[in-house]
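The values are calculated or read from the model by the stated rules, or taken from the named source; none is laboratory data. Quick caveat, the model's predicted, so the values are computed rather than measured. A quick note on method: Cβ atoms are made from the backbone with ideal geometry, for glycine too, and the neighbour counts reach across all protein chains shown. Just the protein is used for accessible areas: all its heavy atoms, side chains included, with ligands, DNA and RNA removed. Shrake-Rupley method; radii C 1.70, N 1.55, O 1.52, S 1.80 Å.
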Amino acid sequence: MADPWQNEYDFAVQVARAAGAVIRKAGEEEIKVQTKSSTVDLVTKTDERVEKIIIGSLKEGFGDGTHCFIGEESVSKGEPVILTDKPTWIIDPVDGTTNFVHGFPFVAVSIAFAVNKELEFGVVYSCLEDKMYKARKGKGAFCDDEQIQVSDVKDIHKSIIISEHGTDRSVEKVTKIFSTMQKILCIPVHGLRGSGTAATNMCLVASGAVEAFFEIGIHLWDIAAGVVIVREAGGLVLDVDGGPFDLMSRRMMSANNNVIAQRIIKEIEIFPVERDDAPVQKK
Ligand SMILES: O=P(O)(O)O[C@H]1[C@H](O)[C@@H](O)[C@@H](O)[C@@H](O)[C@@H]1O
Ligand SMILES: [Mg+2]
């Protein structure tokens, strides 16, 4: 029987690499910055242009009309987030937009593919590092052509943990985020880090560079590809309260093992965020 989705997977890698080249070139020119949900939630013409290129290429490659698309910038222009059983591409064209604007060297193209609401594969191209992270369900995780594996650290005192502060700057949420970070830092752990892109953070977990990454407020397009890569590298993905991971919840804990995950979960001060699949408010 033909290997289902191998063609889609191979094509996604090619499209991610080509999109990364567009991002690198755009970064050499003046970048016009706009904002979305807040003055620090940045978007550029490159985000929009790269999403159009990715979706256009995928439609050309698999244009029988059965494939669906969920893209960060299409959603920010009002498209609803609806994940059906149909083959669905989940795309963040420029993950780490703030980094891209500032020239901070972590910017990723994130492309995931789901069928029957199951994530089949994920591709994260860290385009300024020129690192292609990829994984298919049940077939291992890779960085370029080298298989990657999560860290075997079980002692929290010997861990590096990634957390991000996101783009919501309400004092109530920022207080909870930094109180959580302080409690984790004072366990103590070896260190706290954050690349500024969730997709890259998940690849750092998958490659064993850090032991865990959690965030409240991310979107499904930031993490869908990384979920497959972390799982296939031997890690796990949970809700930040330790329950089962829910792709639409905008809450995620990814870790190398459950010992580290549960120790960090104890410190997380949870705050509410609207789900990605919440009905779109009429403007
Ligand atoms: O660059 P984005 O696609 O907007 O996502 C980023 C987000 O902007 C940043 O605040 C953090 O939440 C990162 O984890 C996201 O990937
Ligand atoms: Mg983005």
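Selection of the range 87-115 for residues being more than 20 Å from Arg275 (Cβ to Cβ) and more than 14 Å from the chain's Cα centre (by Cα) yields Pro87, Thr98, Asn99, Phe100, Val101, His102, Gly103, Phe104, Pro105, Val115.
Does Val40 fit the bill of being touching a residue at least 24 places away in the same chain (Cβ under 8 Å) and more than 20 Å from Ala224 (Cα to Cα)?
On the way: touching a residue at least 24 places away in the same chain (Cβ under 8 Å): yes; more than 20 Å from Ala224 (Cα to Cα): yes.
When the stated conditions are applied, Val40 passes them.
Listed here are the residues, each with its yes/no results for (1) more than 16 Å from ligand 2 (Cβ to nearest atom); (2) on the phi < 0 side of the Ramachandran plot; (3) over 12 Å from the mean Cα position of the chain (by Cα).
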site	(1), (2), (3)
Ser195	no, yes, no
Gly217	no, no, no
Leu220	no, yes, no
Ser254	yes, yes, no
Glu267	yes, yes, yes
Ala278	yes, yes, yes
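Listed by position, the helices (runs of 4 or more DSSP H) contained in the range 165-283 that have at least 3 residues being open to solvent by less than 10 Å² (accessible area, probe 1.4 Å) are 198-206, 220-232, 258-265. Restricting the range 122-163 to residues that are open to solvent by less than 30 Å² (accessible area, probe 1.4 Å) and free of Cβ contacts under 8 Å to residues at least 60 places away in the same chain, the residue that is farthest from Arg250 (Cα to Cα) is Ile162. Kindly indicate which of Val123, Val174 is within 16 Å of ligand 2 (Cβ to nearest atom) and either closer than 24 Å to Asp246 by Cα or not assigned by TED's automatic domain parsing to the domain that holds Glu30 (or both). It is Val123. Restricting attention to the range 69-82, does a residue exist that is at pLDDT below 95, of a type in the set (Lys, Arg), assigned to a loop (DSSP other than H, G, I, E, B) and surrounded by fewer than 22 Cβ atoms within 10 Å (Cβ to Cβ)? So far as the range 69-82 goes, yes, one or more of its residues are at pLDDT below 95, of a type in the set (Lys, Arg), assigned to a loop (DSSP other than H, G, I, E, B) and surrounded by fewer than 22 Cβ atoms within 10 Å (Cβ to Cβ). Residues in the range 172-180: is at least one within 14 Å of ligand 1 (Cβ to nearest atom), in contact (Cβ under 8 Å) with a residue 24 or more places away in the chain and under 19 Å from Gly235 (Cα atoms)? No; the residues of the range 172-180 include none that is within 14 Å of ligand 1 (Cβ to nearest atom), in contact (Cβ under 8 Å) with a residue 24 or more places away in the chain and under 19 Å from Gly235 (Cα atoms).
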